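Notes follow once the structure below has been shown.
The values are calculated or read from the model by the stated rules, or taken from the named source; none is laboratory data. Bear in mind that the values here come from a model prediction, so they are computed numbers and not experimental data. For neighbour counting, all protein chains shown are included, and Cβ atoms are generated from backbone atoms with ideal geometry for every residue, glycine included. SASA here: full protein model, heavy atoms, side chains in, ligands and nucleic acids out. Shrake-Rupley method; radii C 1.70, N 1.55, O 1.52, S 1.80 Å.
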Amino acid sequence: MAPYTLALEGQRFCCPRLPQRLLVRLLFIGDVFGRPGRTIVRRLLPQLKAEQQPTVVVANAENATHGTGMTRSAFEELTAAGVDIFTGGNHTLGKPEILDLMQEHPTVLCPGNVSPALRRHGFVIWQTPDGPIAVVNVMGQYCMNGVDNPFRYMEEVLGDPEIGAVRVKVVDFHAEATAEKAVMLRLLDGRISAVLGTHTHVPTADARVTAAGTAFITDVGMTGVRSSIIGLDPEVMMRRFETGIMYAPRVAEGDATLMAVVVDIDASTGSSTSITLLQRDH
Ligand SMILES: [Fe+2]
Ligand SMILES: [Fe+2]
């Protein structure tokens, strides 16, 4: 049975330092929502990196600007804070300039199954001192419009010779349904280092490493205002639900929480050894 750790803690959380560099440590940050999300990343990520010593930092940035998409200035802000790779979801195309960013920076991803024209932007191979890491971004079909089959897309990506040569492979599966995410784990179990769910903005208590060495969590959660409705202003959202009138949502204001997972992966085999859920407040 592979080792398994799970921690749900606040500010006092501390993870042991890597014993050696044969492990790849991934720090994956859940959906960064609006200015409060970007601000807490900017404030906490440098300290987190010093403590955790991640090999690579990945953040889901589909909500980074006003809750919808990511502008160039938000990309630059998060890059300066220490994010290496950006994944996305159903809101990624909400800001058209993301297309320019994706062309300029292969580290800016969108789910590869959202459009035939964007299939190659669904993954990147990131070089580290411990070898390459492949990061893949794919979206579920349940409650999502116009999305190609995510399971076929993953088979296509894993069949790519470039990806096939990389041992450490992680996927951000941006999906609504828990069952769809569980099926993705079943499909990829033992073939990929980690299947990390995003999109619901609510972290789940099912982080684990399977016997075949794949780390999994149904949803990493959100990096945004704690007392919000999944990042949005509660007053506006209550009025919407009470009246049925689609008042324009706005990003909530208040204290934020950073939600993330730390995944340790054996660089020589691509198998994960642990996944730890992390929540930090200001
Ligand atoms: Fe999101
Ligand atoms: Fe989403």
key: Within the accessible area of the stretch 23-281 (1.4 Å probe), percent carbon and sulfur   = 53 percent
query = Roughly speaking, what is the centre-to-centre gap between the stretch 135-151 and the stretch 185-204 when only Cα atoms are used, to the nearest Å?
reply = 13 Å
note = Per residue, accessible area of the stretch 23-281 with a 1.4 Å probe, heavy atoms of protein chains only, in Å², comes to 38 Å²
query = Given q = 0.15, 0.27 Å⁻¹, what are the Debye log10 I(q)/I(0) values for the stretch 24-100, with equal point scatterers placed on the Cα positions and solvent ignored?
reply = -0.44, -1.27
inquiry  = Using alpha carbons only, how many angstrom separate the centre of the stretch 68-96 from the centre of the stretch 246-275?
reply    = 14 Å
query = So for the stretch 23-281, Kirkwood radius off the Cα pairs, Stokes-Einstein at 10 °C and 1.306 mPa s: how many µm² s⁻¹?
reply = 88 µm²/s
ask   = Suppose every K and R has +1 on its Cβ and every D and E has -1 on its Cβ; what is the size of the dipole of the chain about the Cα centre, in Debye to the nearest 20?
value = 360 debye
query = Short version: what are the Cα gyration tensor semi-axes of the stretch 85-211, square root of 5 times each eigenvalue, largest first, in whole Å?
reply = 20, 19, 13
ask   = What is the packing order of peptides 140-151, 245-256, taking the mean over residues of other C-beta atoms within 10 Å and listing the highest first?
value = 140-151, 245-256
ask   = How much space per residue, in cubic angstrom, does the convex hull of the C-alpha atoms of the stretch 154-247 take up?
value = 130 Å³
